[in-house]
1. Just how large is the dipole of the chain about the Cα centre, in debye to the nearest 20, putting +1 at every Lys and Arg Cβ and -1 at every Asp and Glu Cβ?
2. Towards the positive end of the charge dipole of the chain, with charges on Cβ (+1 Lys, Arg; -1 Asp, Glu), say which of Phe181, Leu454, Val136 has the farthest Cα.
3. What number comes out for the charge environment of Glu93, summing +1 per Lys or Arg and -1 per Asp or Glu over other residues with Cβ under 12 Å away?
4. Which whole-Hz ³J(HN,Hα) couplings does the stretch 241-256 yield from phi under the Karplus relation 6.51 cos²θ - 1.76 cosθ + 1.60, θ = phi - 60°, glycine and proline marked x?
5. Quick query: amide H of Ser332 versus all other amide H atoms, modeled in the peptide plane; which residues come in under 5 Å with a sequence gap of 5 or more or a different chain?
6. Can you give the FRET efficiency for Thr396 and Lys18, using 1/(1 + (r/R0)^6), R0 = 25 Å, r = Cβ-Cβ distance, to the nearest 0.05?
7. List, in the order given, every pair from Lys65/Lys484; Lys288/Lys514; Lys25/Lys419; Lys18/Lys209; Lys419/Lys484; Lys12/Lys467 whose Cα-Cα distance in the structure shown is over 32 Å.
8. Please report, in debye to the nearest 20, how large the charge dipole of the stretch 181-325 is about its Cα centre when each Lys and Arg carries +1 at its beta carbon and each Asp and Glu carries -1 there.
Amino acid sequence: MALPTINPTTTKAWGALKNHYENIKDTHLKDLFAKSPDRAGKFSIEWNDFYVDYSKNRIDETTKKLLIELAKEVQLDKAIQSYFDGEIINETEGRAVLHTALRAPSGKTINVNSKNVVPEVGAVKTKIQTFSDKVVNGELKGYTNKSFTDIVNIGIGGSDLGPAMITESLEYYKNHLKVHFISNVDGDHVHQKLKNLDPETTLFVVVSKTFSTQETLSNATTARSWFIKQAAQEAVEKHFVAVSSNIPNVTEFGIAEENIFPLWDWVGGRFSLWSAVGLSISLSVGFKNFEALLEGAYEMDAHFRTANFEENIPVILGLLSIWYNNFFGAESEAVIPYSQYLHRLPAYLQQGIMESNGKSVDRNGNHIDYQTGTIIWGEPGTNAQHAFFQLIHQGTKLIPAEFIGFKNSLFEDKNHQDKLMANFFAQTEALMNGKTEEEVLEELQSKNLSEDKLKKLIPFKIFTGNKPTSTILINKLTPKSLGKLVSMYEQRIFVQGVIWNIFSYDQWGVELGKQLATNILKEIDNSQISDHDSSTKTLLKKYLN
């Protein structure tokens, strides 16, 4: 096997961590800081324009040491080497996992099946650049010789979430083109998007590796029908391009072969924004910014590949997730970006993390008796503070949270930025410290409340604190820093998957529902319901009648 197949629970480090957990589980973060005045320095990493503070986590030096020993025992270092060397680590699908090759500089050698893939990656980048430049500068025109004003990306999953998240995150850098995303097979969704577009000035980017995904093909077919109500069939090739590996299906649809941007089977959908799937990103913000995104991702890749585990950002953050998931029993993690630009990041990470590591069979084919995967959720701060922070502060669940913030705003409005970041810093401190009964009493006494009212209020205003957080502070939101951030989460997924002894890069769990939907659609088309459970059969009858 390309990856080690070590059950983590059989390692010495895992047993030591279980014992250590019993000793530390009730220790309060305030006490850890009191015992170690330089704790912030010991539990932080400064790299490039990133500062990662993980000192507000329920760990001490022994925890860190044992977690790193766990990473070493499961041979994470060997796994990283296999990953970057292009070995077949997605074994159930027989594929390498090399989205990292998509951002490697030209001149590098990265082999898949003894073939260096970097030159062909470079050729596709050149094609993206040439096409993007022509559309942006108006050289490439539609069938009535008008320049394009709107770009519509049609895809689903990684073919939608990645490009949509990046283009919205980089809205500050966008050009004059308006970019729209159609994903859901919900007809109201596609028709709503189309109704305000002009066929003469709209360019469609259809993204599907196999060009057979039901949602994408249904939406693309609807878009084409809408388009040829005004234009001739021959004009389709001027307004539709495809990102796909299935040339026959694409050309049959009416898209010219020169307008097909290729994909490779070693690029997983949820990690594909770095490939031609990112064409809509390049169209939206220009190729130079798309290239800077790739450069940032490559820098994080190099950090992940070469840094010692003790100073390795994806490794440390991945190990912290293991610590909370497998020892504290925390089932979810909140991701809170203090930037409205990053409002789609939690949704993007949900797919990346939950589709990758939502597995219950290990790499040996055995059923797993320990927890894998984490539930990822979140919203931007400060909105989140007025929504679900109540649950994190005073609820019964332990929810580790990750805070992402930027030192500098893009519009340089210091007044707003200071208020935003004051909340950013205050929340992690509040989650750590909480508020004691004595502090509540002192606060209430200043309000001249009656003794009876005061006693009744005290229990409701106590915060236990000891809620773990990690803080990622970045200089500024740029295409390059965003590339580093997204790569950081990708590599963290890998770390967790290796430790849990699972295959992170297949997605068989997505297939079953698709298969059943195909069968049920035939029944709906024929108005003939076959054998189902009583619930499904009744629901289908309600729908058809």
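Quick note: the coordinates plus some simple rules give every number you see, no bench work behind them. What you see is a predicted model; the values in this text were computed from it and never measured. Using ideal geometry, Cβ is built from the backbone for each residue, glycine included, and neighbour counts are taken over all protein chains shown.
1. Details: 56 positive and 65 negative charges, 87 e Å.
Dipole of the chain, to the nearest 20 debye: 420 debye.
2. Leu454
3. Working: positive: Arg95; negative: Glu91, Asp265, Asp506, Glu511.
With Lys, Arg at +1 and Asp, Glu at -1, the neighbours total -3.
4. Along the stretch 241-256, the couplings run 10, 9, 10, 6, 10, 9, 4, x, 5, 5, 5, 5, 5, x, 8, 5 Hz.
5. HN-HN under 5 Å from Ser332: Ile375.
6. For Thr396 and Lys18, the calculated efficiency is 0.60.
7. Numbers: Lys65/Lys484 26 Å; Lys288/Lys514 38 Å; Lys25/Lys419 34 Å; Lys18/Lys209 44 Å; Lys419/Lys484 26 Å; Lys12/Lys467 28 Å.
Table pairs above 32 Å Cα-Cα are Lys288/Lys514; Lys25/Lys419; Lys18/Lys209.
8. Numbers: 9 positive and 17 negative charges, 68 e Å.
That gives the stretch 181-325 a dipole magnitude of about 320 debye.
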